[in-house]
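Have a look at the structure below before the remarks.
The values are calculated or read from the model by the stated rules, or taken from the named source; none is laboratory data. Bear in mind that the values here come from a model prediction, so they are computed numbers and not experimental data. When we count neighbours, we look across all protein chains shown, and the Cβ atoms used for this are built from the backbone with ideal geometry, even at glycine.
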Amino acid sequence: MTKKKSIWVFVLSLCLIVPAMFMMTACGHKHTAVTEWSSDATYHWHVCEDEKCQEQLDKAEHTWDAGVITKEATFLEDGEKTYTCSVCKRTKTEAVAYNYVDLNYVEKEDTQTYTKFTVTEAGTYYFRYEVKNCGFGNGYYWINMNKVGGGLQQKDTTHAQAKIYDANKKLIKTGMDTRAAGQFGAVETKRDTPEIVRELMENGVKYLEMPFVTPGEYEMVVTHYPSNSYQTLEYSEGTFSKTNVALWDNCYNYFKLTLTDEMLKGGSYVTDLQLDASPKTGLAWQFLDANGNPVEKQEGDSDTYYSSPAAGTYYIVIYTTTKQTDVTVSASLV
């Protein structure tokens, strides 16, 4: 090897060795960590307190414990469960939903599959069910309950204080009628206002609040009856009518009619609708669309007169405080 070449080899060696020495010195020094843990949502670590040191020492994912309930859930508000990391003591929380008893919603002719539940002590219990394939004008439903082993009595619940809520937990109705122990009329088309009937029969989740008096083992199911007591008005030459009607006292009496495009083409009449009853004493009227919503009045309309209704199904609802018999109910295109 020539002298010149040897010098170049020596210089090159220095260029490689010196930086490596500095790197070993930098990486091989002993870090000094602060005592307290630092953390984010996923990791914890110790901060290096050496000057210009940016390393996160002892970095690892959190080790969460099983969690404890720090706020009990209620019907109207979720509870809270708190978890603690066993290493760094950081905490996190998650919402805890109220524990409802889920009930089956079934048609009358289907198998009545009851849900069993335990009333451990007297108090208010909450249930959840989902109305399906329903809607205003499509019948009603009952909430049926038994006591496991028999012996159910009316006084086991305070059903007059029971409440039904919609999916957003807005109160729809307070109190349920009963024909016998454990037979609760959730939807009473004669007693409930049309608005309440519409909200109860809308498809979707409903909640039942039921006060229990007697502890024990119970079972419950929600049974839908698709039939209803609405009477249909017969159509002839521009007038819908039904004779010999009994209007029951303190009840909502429903009458159904269907307007077609052919009817609304008109003959010697135009396409407004006049509602009437004869004889009539102290009647309160409502005119509803197929979904149970009040038909919007136009200028000059009244509770018994509606301008230019569209084709479709409608309901006339008559409320009276006194029973009236042999009444003719009509709706005339005028």
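In the condition set (1) in contact (Cβ under 8 Å) with a residue 24 or more places away in the chain; (2) not in a strand (DSSP E or B), residue 299 is compliant with all but (1).
Let's see how each residue does on (1) aromatic (Phe, Trp, Tyr); (2) in contact with a Lys or Arg (Cβ under 8 Å, 6 or more places away or on another chain):
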{"residue": "141", "(1), (2)": "yes, no"}
{"residue": "157", "(1), (2)": "no, no"}
{"residue": "169", "(1), (2)": "no, no"}
{"residue": "185", "(1), (2)": "no, yes"}
{"residue": "191", "(1), (2)": "no, no"}
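Filtering 189, 223, 243 for residues that are outside any strand (DSSP E or B) and either out of contact with any Cys (no Cβ under 8 Å at 6 or more places or on another chain) or under 30 Å from residue 149 (Cα atoms) (or both) leaves a single hit, 189.
The condition (being closer than 30 Å to residue 184 by Cα, hydroxyl-bearing (Ser, Thr, Tyr), surrounded by fewer than 18 Cβ atoms within 10 Å (Cβ to Cβ) and at pLDDT below 90) is satisfied by just one residue among 268, 227: 227.
Listed here are the residues, each with its yes/no results for (1) polar (S, T, N, Q); (2) without any contact (Cβ under 8 Å) to a residue 12 or more places away in the chain; (3) closer than 25 Å to residue 97 by Cβ.
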residue	(1), (2), (3)
146	yes, no, no
150	no, yes, no
155	no, no, no
161	yes, no, yes
164	no, no, yes
168	yes, yes, yes
174	yes, no, yes
178	yes, no, no
188	no, no, no
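Screening residue 99 against (1) of a type in the set (S, T, N, Q); (2) at pLDDT 95 or above; (3) closer than 30 Å to residue 124 by Cα leaves a single unmet condition, (2). Candidates in segment 293-320 are the residues that are hydroxyl-bearing (Ser, Thr, Tyr) and surrounded by fewer than 12 Cβ atoms within 10 Å (Cβ to Cβ); of these, the one that is modelled with the highest pLDDT is 302. The number of residues in segment 92-125 being without any contact (Cβ under 8 Å) to a residue 40 or more places away in the chain, touching a Phe, Trp or Tyr at 6+ places or on another chain (Cβ under 9 Å) and part of a loop (DSSP other than H, G, I, E, B) comes to 2.
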